[in-house]
1. Testing residue A:331 on (1) away from chain B (no Cβ under 12 Å); (2) within 25 Å of residue A:471 (Cα to Cα); (3) surrounded by fewer than 22 Cβ atoms within 10 Å (Cβ to Cβ); (4) at pLDDT 90 or above, one condition comes back false. Which one is that?
2. Every residue in region A:413-449 that is of a type in the set (Phe, Trp, Tyr) and surrounded by fewer than 20 Cβ atoms within 10 Å (Cβ to Cβ), please.
3. Quick check on region A:367-379. Is at least one of its residues among the acidic types (Asp, Glu) and surrounded by 15 or more Cβ atoms within 10 Å (Cβ to Cβ)?
4. Could you list, in sequence order, all residues of region A:366-377 that are within 36 Å of the chain's Cα centre (by Cα) and more than 8 Å from chain B (Cβ to nearest Cβ)?
5. Say we look at region A:212-240 and pick out the residues that are crowded, with 22+ Cβ neighbours inside 10 Å and within 16 Å of residue A:273 (Cα to Cα); which of these is farthest from the other protein chains (Cβ to nearest Cβ)?
6. Please state which one of A:60, A:108, A:19, A:72 is surrounded by fewer than 20 Cβ atoms within 10 Å (Cβ to Cβ) and either modelled with pLDDT under 90 or of a type in the set (D, E, K, R) (or both).
7. Among the residues of region A:519-560 satisfying the criterion of being in contact (Cβ under 8 Å) with a residue 24 or more places away in the chain and of a type in the set (S, T, N, Q), which is surrounded by the fewest Cβ atoms within 10 Å (Cβ to Cβ)?
8. Please go through (1) within 30 Å of residue A:353 (Cα to Cα); (2) modelled with pLDDT of 95 or more for residue A:455 and return the number of the only condition it doesn't satisfy.
Amino acid sequence: MRAALLCVLVLFCSTVAQARDLEQLAQQPRWQALLHINPGATLRDRQRSYVDDADFFLAADGAANPVSELAATVEALEPEASPARCRFPARYRFVAEALGWRDTEPFAHCAEYLEWRGAVHAKRAVLVFPASYLNSPSSMFGHTLLRLDQGDDGAVWLSWAINFGAVTTEQDNSLFYIYRGLAGGYPGRFNLVPYVQKIQQYSNMESRDIWEYTLKLDQSQIDWMIDHLWELRDINFDYYFFDENCSFRLLELIQVARPHGGLLDELRFAELPVNTVRALEQRGLVTERHYRPSKEVELAALSDRLDDQEQRLARRLAADPAVAESDAFQSRPPRRQAMMARTAYSYVRFVNRKAARTEDIAGRSFALLTLVNRLPSVEDPELPDKAPPESGHGSQMLAASGGQRGSDDFGEVSYRLTYHDLLDNRRGFLDGAQIQGLGITLRSTESGAARLEELDLVSIRSLSPRGRFSKPLSWYVEGGLERAWAGRRRLTRYVQGGAGGSWRSGPWQPYLLASVRAENNSDFGPLITPGGGAEAGMLYHAGRWQWQLSSAGHYFSNDVYRHRSTLAVQYALAREHGLRASLEREGWRGDGETEFKVQWRWYFD
Amino acid sequence: MKKVLLAAALLGASVSAQAVAPGGPGCGWGNLIFEGKSGMPVHLLATIVNGTSGNATFGMTSGTNGCDTSGALTYSGESLLSMNGVLEEVAQDMATGEGEALTALSVSIGVSGDDRAYFNSVMHENFASIFPRQDVSAGEVMQRITAVMQNDQKLAKYV
């Protein structure tokens, strides 16, 4: 009897001990990372798994209960030849290490996994950041993916790219779906594609520079990541543009590799890809940085080393390779001929990057390459020295300003959620690109209390210079609330946009845009008053200085005319600080007002 | 020989696949990867949510628009050079004498690090015979590369 009691006690105790062990084990950072438990990094699903897919869990309450998921996992993985091992190799590794399982070939029965793992292996992991490009505002926040290198330095064309993205369908061609994309209406999945496809997509098709950051991960950590990646095959996460996006999911993957890295410790409302790079850099996880210029940048570098006449010849050569036989071409030294031929080829490829194959394009490309091959080899042109995006200013901004309008002194405070305007500190950004979202300015004057001066919902500008080899359109669109003259200064609600051209010569960038505006205010009769007009301006970019001189006018359907001319300058005091001064003249029929303002701008994340 | 088969697979032109004529009408020189739907909304969507259309690939299949590579692929970097636009990059690198596409090709053939510069120079010299016409197929290119290597004292050992 006593023996039996003792036996029961021992059994009971060992079960209790086991349960306690499991509980402790389930609290380990790696187990939490393997289940994608939200440690408090974002607002949704706190202390629950981010995974929105029942297939990922073995326990019924697995998404919310890491302990029961661990218990179910141990049970499922323990039998030899268990099919669960083939689905969860990283979980197996975790459990086997923790419980001391010693199976030398635990995956012998997993042919598909072994085959995949044989193909997907890596000695090095690299974070890849295709930077923004002009003319596509949606790209302006950038994107991130991970690259797995098989080891050879020069052979990144053989590497894999791990990419997290929303899975959309072919029919999703309407603006509604963009909303859905922002709001979590699409499932997000990891996919794995040859890195060369990503180079084609970003560098060739979209003219985006790519920045590559080698991560400080050792072989074992990289293996954790790849094993876990297999567990995420066809597994759905909800995709949220602002926080649970591509960059955030990559941090989670890296968290599996280095569960004690503290990458997800802080709460974030939005994960900007550039901040992902900063987060990794601050934790000493980046060992090397590499710049991969877009095809457009390469073309510009090729054409910049030609003189004016050679540029014209290169253009003609691109249109008709027989120009190579002309006296004008033949009279140039062979090295200069080679430079022209390289430029012409690069131009044909660039211009037709989105065109389907035709005999004409193929024929010209082929003829030009043959010419390049026949002429002496010339070194590649030197590329412009670009500051990496993570060296740019923070994404949010607070500003304080003081000034005078008419004879009234005023003081202002401004806040902007995101991100950059034409005059903000330019290091790490593209000249002529602006994307602003949610900016608010409150003004208080001597004669009145503080009131709303401006509420910027969205303001996007893309002034991309036209040249001999590239002819992009410049355009802008913006909307919000601002004070403007309508009988007196009133708060108006407006949307406006325009398109035109921009050019660049050294630091100077002139632009000319036609624009339309729709406005609503308490003075204008119709609910919405449309107007048309134009804007002309000149930007000056050099070192820490950015200048803008601009003049815009609109004529409205109710016969109101209004124009605004501005001279503004910003000096970058430091990476996160800028000093701006502006002089503005707002005019309307018969009268006008002048405003002078000095502003200190502080950027932060 | 095994390495050459691998490289042939990389070019999307394994021995077995040649029977079914590698490539397709839209495949080869001058072709590009961008096909499918266009239009502002769909492009915006794709950029915003970094979207992929249809099923997410997982290293199992790969996008080779225009190029029929059935039967030629295994899991690894396999489809690299059969992908649209890549043959062209190889051609460009051969014409100029260096580049990432050419390096990837030499690595997949198994050319050792010491011989890569030499491999590049041989490819550069033989550009005209490797790319004789504008409509040359990936399979043909691979055969011609093999032939050039066989005729070279230093490179013959890799084929």
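The values are calculated or read from the model by the stated rules, or taken from the named source; none is laboratory data. Quick caveat: nothing in here was measured; it's all calculated off a predicted structure. Neighbour counts run over all protein chains shown; Cβ positions are idealised from the backbone, glycine included.
1. (2)
2. Going residue by residue through region A:413-449, those that are of a type in the set (Phe, Trp, Tyr) are A:415, A:419, A:429.
Passing the criteria: only A:415.
3. Checking region A:367-379: not a single residue is among the acidic types (Asp, Glu) and surrounded by 15 or more Cβ atoms within 10 Å (Cβ to Cβ).
4. First pass over region A:366-377, keeping only residues within 36 Å of the chain's Cα centre (by Cα): A:366, A:368-369, A:372.
Within region A:366-377, just A:368 meets the criteria.
5. A:213
6. Working: A:60 fails: either modelled with pLDDT under 90 or of a type in the set (D, E, K, R) (or both); A:108 fails: either modelled with pLDDT under 90 or of a type in the set (D, E, K, R) (or both); A:72 fails: either modelled with pLDDT under 90 or of a type in the set (D, E, K, R) (or both).
One residue alone meets the criteria, A:19.
7. Checking each candidate, the answer is A:522.
8. Exception for residue A:455: condition (1).
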